[in-house]
Amino acid sequence: MPHYNVMFLCTGNSARSIMAEAILNRKGAPNFTAYSAGSHPTGAVRPEAIRQIQQAGLSTENLRSKSWDEFSKPDSPPLHFTFTVCDNAAKEVCPIWPGHPMTAHWGIPDPAAVKGMPEEIERAFSQAFATLDRRISLFLSIPLATLDSFALQKKIESIGKQ
């Protein structure tokens, strides 16, 4: 199977895109490498996101909030797929990515925006993690090599609605 590079984008790159990066790097290994970035990174990963990743038994090594500018340089890894996981990033003009990846919007409510009791905040992060986990599992089940680009584009877009 070929190797695919996947980028998860979110404005702050502090929660949803970070969790998606960790999930795909575990579930998709060794055929997929996941990255995450933000248009306006916060510079810190939310502790609630780290907790969700650790509770799932996934590695938090090398996870950090970073700018998408790091991945738009000529020596950046060529991307095959780019998924926006927040509504703000879906509306922004993205850089030209090396590899000219297929893109889709997989919007997920922002758990970092939830205010309230710690249990409510934790539940929002847990729900976001579960949704990402389900969508990534669906993505990994697609027979990539057997679909033409139009069919593949439709498949990855439909996952964002599930």
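Name the residue that is modelled with the lowest pLDDT, counting only residues in the range 77-93 that are over 12 Å from the mean Cα position of the chain (by Cα) and within 12 Å of residue 110 (Cα to Cα).
So the residue we want is 88.
Does residue 146 satisfy the criteria of being at pLDDT 95 or above, among the hydroxyl-bearing types (Ser, Thr, Tyr) and more than 13 Å from residue 9 (Cα to Cα)? Write out each step before concluding.
On the way: at pLDDT 95 or above: no; among the hydroxyl-bearing types (Ser, Thr, Tyr): yes; more than 13 Å from residue 9 (Cα to Cα): yes.
Here the answer is no, as residue 146 does not meet what is asked.
Among the residues of the range 135-148, which ones are more than 9 Å from residue 159 (Cα to Cα) and in a helix (DSSP H, G or I)?
As a first pass, look at the range 135-148 and keep what is more than 9 Å from residue 159 (Cα to Cα): 137, 140-148.
Answer for the range 135-148, where residues must be more than 9 Å from residue 159 (Cα to Cα) and in a helix (DSSP H, G or I): 137, 140, 144, 145, 146.
Are any of the residues in the range 99-106 within 17 Å of residue 9 (Cα to Cα), at pLDDT below 95 and loosely packed, with under 13 Cβ neighbours inside 10 Å?
Yes: one or more hits.
Which of the residues belonging to the range 25-53 are assigned to a loop (DSSP other than H, G, I, E, B) and closer than 22 Å to residue 68 by Cα?
28, 39, 40, 41, 42, 43, 44, 45, 46
May I ask you to say which residue of 130, 104 is in contact with a strand residue (DSSP E or B) (Cβ under 9 Å, 6 or more places away or on another chain), aliphatic (A, V, I, L, M) and either part of a helix (DSSP H, G or I) or over 19 Å from residue 31 (Cα atoms) (or both)? Before you say what the answer is, go through the steps one by one.
Values: 130 fails: in contact with a strand residue (DSSP E or B) (Cβ under 9 Å, 6 or more places away or on another chain).
Exactly one residue qualifies, and that residue is 104.
Residue by residue through the range 112-129, note down the ones that are surrounded by 14 or more Cβ atoms within 10 Å (Cβ to Cβ), at pLDDT 95 or above and farther than 15 Å from residue 160 by Cβ.
Step one: of the range 112-129, the residues surrounded by 14 or more Cβ atoms within 10 Å (Cβ to Cβ) are 112, 114, 121-129.
Okay, now just the ones that are also at pLDDT 95 or above, so 121-129.
Hits for the range 112-129 are 121, 122, 123, 124, 125, 126, 127, 129.
The values are calculated or read from the model by the stated rules, or taken from the named source; none is laboratory data. The structure displayed is predicted, hence computed values, not measured ones. So basically every Cβ, Gly included, is an ideal-geometry build from the backbone, and we count neighbours across all protein chains shown.
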